[in-house]
1. Assuming Ala74 fulfils every condition listed in (1) modelled with pLDDT of 80 or more; (2) farther than 26 Å from Phe3 by Cα; (3) surrounded by 12 or more Cβ atoms within 10 Å (Cβ to Cβ) apart from one, which condition is it?
2. Is there a residue being exposed (fewer than 14 other Cβ atoms within 10 Å of the Cβ), without any contact (Cβ under 8 Å) to a residue 24 or more places away in the chain and within 20 Å of Leu113 (Cβ to Cβ) anywhere in segment 40-51?
3. Of all residues in segment 42-66, which are farther than 19 Å from Gly102 by Cβ, touching a helix residue (DSSP H, G or I) at 6+ places or on another chain (Cβ under 6 Å) and either assigned to a helix (DSSP H, G or I) or among the hydrophobic types (A, V, I, L, M, F, W, C) (or both)?
4. Given the condition more than 18 Å from the chain's Cα centre (by Cα), modelled with pLDDT of 75 or more and surrounded by 10 or more Cβ atoms within 10 Å (Cβ to Cβ), answer yes or no: does some residue in segment 77-84 qualify?
5. Within segment 9-31, how many residues are loosely packed, with under 13 Cβ neighbours inside 10 Å, out of contact with any Gly (no Cβ under 9 Å at 6 or more places or on another chain) and not β-branched (Val, Ile, Thr)?
Amino acid sequence: MLFVITGLLLLYGEVATRFRLSATIVLHDGLTLLATVLVLGHIYLSLVNPPTRPAMRGIIQGDVSEEWAAKHHANWEPASSISESMPGSERSRSLTALLLCGATTVAVAAVILIPGVSGSGPAPPSKAPSAGQR
């Protein structure tokens, strides 16, 4: 939440100088570095770290090996004791939801990062007609 507040102060500080606070840039940059470390840590744990790497297969495909499930979830029951496993339509819905989340993230990033996409920012000055031009 603090990341959003400092970002808004930086954004509006470009338009109105009353929002320009001296510590806003330092705080926002520090939060950016912290968020970067957290994201890189999650990427490491999901793609590189051997004990947790199989979880990524579970996120994308909807299933993991029986050994991994038994080791990481104490209440897990083998598929043979369950009457029905996840049908294929559930897997496709999970993959669709993952793709939609990714597309939404890209769209939001484009609106925030690419100038002119969101239409935000100060409006161009309008030229008022002078008394002789009416």
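1. Condition not satisfied by Ala74: (3).
2. yes
3. Residues satisfying the conditions are Pro54, Val64.
4. So the first thing to find is which residues in segment 77-84 are more than 18 Å from the chain's Cα centre (by Cα), and the list is 77-84.
Remaining after also requiring modelled with pLDDT of 75 or more: 77.
From the residues that got through so far, the ones that are surrounded by 10 or more Cβ atoms within 10 Å (Cβ to Cβ) too are 77.
Among the residues of segment 77-84, at least one is more than 18 Å from the chain's Cα centre (by Cα), modelled with pLDDT of 75 or more and surrounded by 10 or more Cβ atoms within 10 Å (Cβ to Cβ), which makes the answer yes.
5. Of the residues in segment 9-31, 5 are loosely packed, with under 13 Cβ neighbours inside 10 Å, out of contact with any Gly (no Cβ under 9 Å at 6 or more places or on another chain) and not β-branched (Val, Ile, Thr).
The values are calculated or read from the model by the stated rules, or taken from the named source; none is laboratory data. Everything numeric here is computed off the predicted structure, so don't read it as measured data. Here Cβ is always computed from backbone atoms with ideal geometry, including for glycine, and neighbour counts include all displayed protein chains.
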